[in-house]
Amino acid sequence: DLVLQVGVAFAAASLFSAGAAKLAQSKSKGVKSVEEGGVDYDALLREGGISGDAYEVLRNSGTERPWTSPLNGEEREGVFRCAGCGTAVFDSGTKFDSNSGWPSFYDKLAGVELEEDNVVDKTVNMRQEVHCVKCGGHLGHVFPDGVLWRVPTGKRYCINGAALKFQEGEAKAE
């Protein structure tokens with residue numbers, strides 16, 4: 001009897017998880033079309049403007065493997081830009097080491113938009129998707145756990161390094 005109950009609970013959890021993932025995908029804003037001001041990621045990939053990893057992250061909302069981005073250790077002053085369209089998305093002054101395996105920031109620039117309508121991400125996963133405001137490319141997620149690192153905003157923007165390009169120089173809000 002207990003085995004049956006555990007089996008039913010496991011099956012229900014699996015169905016909920018699969019349904020939640022499908023709902024999360026269907027609610028994703030996704031990449032903007034070229035007509036909407038987006039980027040032709042296929043052409044960028046063909047022409048060598050972005051890597052295969054950047055394409056997977058920006059276009060398909062993928063996630064790079066942790067600890068693989070050279071931007072994890074980037075400590076120079078400058079601006080992090082969307083690898084797809086070049087929009088300034090994060091200032092180096094807000095970057096911190098969360099030891100998560102991905103570049104982390106406690107605040108965003110105006111070039112970032114948060115996905116507001118993904119109920120599953122907000123309530124079950126306790127996160128929001130982060131997109132480039134210009135091209136709609138997926139950058140990563142923001143979590144409300146920044147208090148663990150005592151950052152001013154209480155937020156941790158966990159961003160795929162493959163979705164970013166770093167521009168050294170004076171860091172400034174654009």
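Just a few scattered comments:
- Condition check for Asn72: more than 24 Å from Lys32 (Cα to Cα), open to solvent by less than 50 Å² (accessible area, probe 1.4 Å) and at pLDDT 95 or above: yes
- Residues of the stretch 29-61 that turn out to be surrounded by fewer than 16 Cβ atoms within 10 Å (Cβ to Cβ) and in contact (Cβ under 8 Å) with a residue 24 or more places away in the chain, as a count: 4
The values are calculated or read from the model by the stated rules, or taken from the named source; none is laboratory data. It should be emphasised that the depicted structure is a prediction, and the values quoted were computed from it without experimental measurement. Using ideal geometry, Cβ is built from the backbone for each residue, glycine included, and neighbour counts are taken over all protein chains shown. These area figures cover heavy atoms from the full protein model, side chains too; ligands, DNA and RNA do not enter into them. Shrake-Rupley method; radii C 1.70, N 1.55, O 1.52, S 1.80 Å.
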